[in-house]
Amino acid sequence: VVKENPSMKTTEVTKVVAAKWRELPKEKRTPFDKLAVADQKRYEKEIKAYQARLAQLGPVPKDPDEVQAKLLKKFKSILAKSFKPGAFELVMQAYDEGKSLQIMTAAQTYQMQGGRGKKPDAMGFLTQMFGHAKAKELAK
């Protein structure tokens, strides 16, 4: 339709395609109807899984300071398990130097590992932040 009428507006194209769909015999539409039903079932399954993950996260805090405080507390506990005390201070120094986006990216990678059933890797977090040599030096 668009190739035949390149200047046609999207709304007009939609009307033409819808009219052609309605003109199709039922037996030609059936395979597409079956695909639509299967896709709807897939969507419903995925949305339930997504909503379950959202429910696990709990309510989203509205106060940015509260978000930052929770994030810092989490970093401190994560790093305290496997690294020397200086590791958290190094992350805080990076934050103060304006590397918050880099920290957030590394933290998201860390969280995604846990979401895929893998054990989150604090060494991977520090390696992504500071390089392998510095992360190894900070390890207990």
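Give the ranking of Lys99, Lys62 by solvent-accessible surface, highest area first, calculated with a 1.4 Å probe.
From most accessible down to least: Lys62, Lys99.
Heavy-atom accessible area per residue, the chain, 1.4 Å probe: how many Å²?
Per residue, the chain has an accessible area of 79 Å².
So which aspartates and glutamates can Lys15 reach, going by Cα to Cα under 16 Å and dropping same-chain residues fewer than 8 places off?
Correct list for Lys15: Glu4, Glu23.
Just one of (1) 1.28; (2) 1.08; (3) 1.23 is Rg/Rh (Cα atoms, Kirkwood Rh) calculated from these coordinates, so which is it?
The listed entry that was calculated here is (1).
What aspartates and glutamates could a cross-link reach from Lys20, if we take a straight Cα to Cα line under 14 Å and drop same-chain neighbours fewer than 8 places away?
Within reach: Glu12.
Glu44 accessible area, nearest 10 Å², 1.4 Å probe?
The accessible area of Glu44 comes to roughly 90 Å².
With a point put 7 Å past each Cα toward its Cβ, work out how far Lys81 is from Met123 in nm, to one decimal.
That separation, rounded to one decimal, is 1.4 nm.
Angle check, please: helix 100-115 long axis (alpha carbons) against the longest principal axis of the chain (alpha carbons), in degrees 0 to 90, nearest 10.
Orientation of helix 100-115: about 70 degrees from the principal axis.
Modelling each spin label as a point 7 Å along the Cα-to-Cβ direction, I'd like the Ala19/Glu46 distance in nm, to one decimal.
In this crude spin-label approximation the distance works out to 3.3 nm.
The values are calculated or read from the model by the stated rules, or taken from the named source; none is laboratory data. Remember, it's a predicted structure, so these values are computed and weren't measured experimentally. Neighbour counts run over all protein chains shown; Cβ positions are idealised from the backbone, glycine included. For accessibility, only protein heavy atoms count, side chains too; no ligands or nucleic acids. Shrake-Rupley method; radii C 1.70, N 1.55, O 1.52, S 1.80 Å.
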